[in-house]
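First the structure, in the form of structure tokens, and then the observations on it.
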Amino acid sequence: MTKIIDVAKQAGVAKSTVSNVLSGKKLVSDELKERVLKACKELDYVPNFYASSLSTGKHKSNIIAILLEKKEHMEDHNFYGELVISALSKASKKGYSILLLSNDNENDLINNLRFGKAPIDGAILLAPNIDDSRLSEIQNNSIECVIIGRPSKNIRYDYIDVDNYNLTREVTELLLNNYDKVYLLNADSKLTIVQDRKDGFFDVCNEKHIDPSDKYITDLEGTIEEGYKLGIEKAEKNVAFITCNSFLAAGLYKA
């Protein structure tokens, strides 16, 4: 791990100069500042927020991060706006602020979650992946976290979830009792919620001696256009669809 003394050696300055550049407590010439920042970049050094806060006697940032999943057309999903507004309201009453982070660049996100680099006291994470490097980083660095969605079994955090396995089982069983063929249109296969839906669907099909492989479609973006295309291809008399969201359903109705 790169330390402030390494940056000082790389830049050819005193350790106190590096500290002054990064903290902004004392004036440093532009030439020295440029050398220090260049050294930081070359060594991939990020100031340790927690160490600096301890030195000033402040042990908390009073900031909670919300880690939003990367999703197209997020403005069309009311859930995200409602979640953020609710979190802001609840957090402000407790004297906390909210920081929004997304998955646009996962490497940058992981770097921000490393202990000592992210000025956050806790996190709320949406739609965990089956093998979620974000959650692993949060857990490894002892950052408090609540998850919306079921995490993988090796993650030890509280979470809020719908029982997607049994929900899909019940819906699949009901539809198979009334239709000749049932399709499950699912989302990104690396999400735990998607795995739960798949397991529920496959288990019922197997119990009824139905091959589910050609009736399971995954890794969908969940758009109206996809629903329409699949409706044109798959829809026929006495066929039913289970969709992962209302946009796919709207596309199917259109078809």
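Please enumerate the residues belonging to the range 82-99 that are part of a helix (DSSP H, G or I), open to solvent by 40 Å² or more (accessible area, probe 1.4 Å) and among the hydrophobic types (A, V, I, L, M, F, W, C). Step through it out loud before you land on a result.
Here is the first cut: in the range 82-99, the residues part of a helix (DSSP H, G or I) are 82-93.
Now restrict to residues that are open to solvent by 40 Å² or more (accessible area, probe 1.4 Å): 82, 85-86, 88-90, 92-93.
Listed by number, the residues that qualify are Ile85, Leu88.
Based on this model, can you work out whether Ala11 counts as modelled with pLDDT of 90 or more and surrounded by 15 or more Cβ atoms within 10 Å (Cβ to Cβ)? First the steps, then the outcome.
On the way: modelled with pLDDT of 90 or more: yes; surrounded by 15 or more Cβ atoms within 10 Å (Cβ to Cβ): yes.
Yes; evaluated as a whole, the condition is true for this residue.
For the range 146-158, a tally of residues being crowded, with 16+ Cβ neighbours inside 10 Å and more than 17 Å from Val84 (Cβ to Cβ) returns 4. Restricting attention to the range 161-218 and to residues that are more than 22 Å from Glu233 (Cβ to Cβ) and in contact with a Pro (Cβ under 8 Å, 6 or more places away or on another chain), the residue that is surrounded by the most Cβ atoms within 10 Å (Cβ to Cβ) turns out to be Thr192. Helices (runs of 4 or more DSSP H) fully within the range 147-254 that include at least 2 residues being within 22 Å of Pro128 (Cβ to Cβ), free of Cβ contacts under 8 Å to residues at least 40 places away in the same chain and within 28 Å of the chain's Cα centre (by Cα): 164-176, 192-207.
Could you check, for the range 16-38, whether at least one of its residues is modelled with pLDDT of 85 or more, hydroxyl-bearing (Ser, Thr, Tyr) and surrounded by 13 or more Cβ atoms within 10 Å (Cβ to Cβ)? Checked the range 16-38: at least one residue is modelled with pLDDT of 85 or more, hydroxyl-bearing (Ser, Thr, Tyr) and surrounded by 13 or more Cβ atoms within 10 Å (Cβ to Cβ). A residue that is within 20 Å of Phe247 (Cβ to Cβ), hydrophobic (A, V, I, L, M, F, W, C) and modelled with pLDDT under 95 occurs nowhere in the range 195-209. Does Lys60 satisfy the condition of being among the charged types (D, E, K, R), open to solvent by 60 Å² or more (accessible area, probe 1.4 Å), modelled with pLDDT under 85 and touching a strand residue (DSSP E or B) at 6+ places or on another chain (Cβ under 9 Å)? For Lys60, the condition - among the charged types (D, E, K, R), open to solvent by 60 Å² or more (accessible area, probe 1.4 Å), modelled with pLDDT under 85 and touching a strand residue (DSSP E or B) at 6+ places or on another chain (Cβ under 9 Å) - is not met. Which residue is modelled with the highest pLDDT, if the candidates are limited to the range 219-244 and must be within 22 Å of Thr192 (Cβ to Cβ) and surrounded by fewer than 17 Cβ atoms within 10 Å (Cβ to Cβ)? Only one residue fits best here, namely Asp219.
The values are calculated or read from the model by the stated rules, or taken from the named source; none is laboratory data. Bear in mind the structure is a predicted one, so any value in this text is a computation, not a measurement. Don't worry about glycine lacking a Cβ; one is built from the backbone with ideal geometry, like all the others, and counts go over all protein chains shown. Remember, those area values only see protein heavy atoms, side chains included, never the ligands or the DNA or RNA. Shrake-Rupley method; radii C 1.70, N 1.55, O 1.52, S 1.80 Å.
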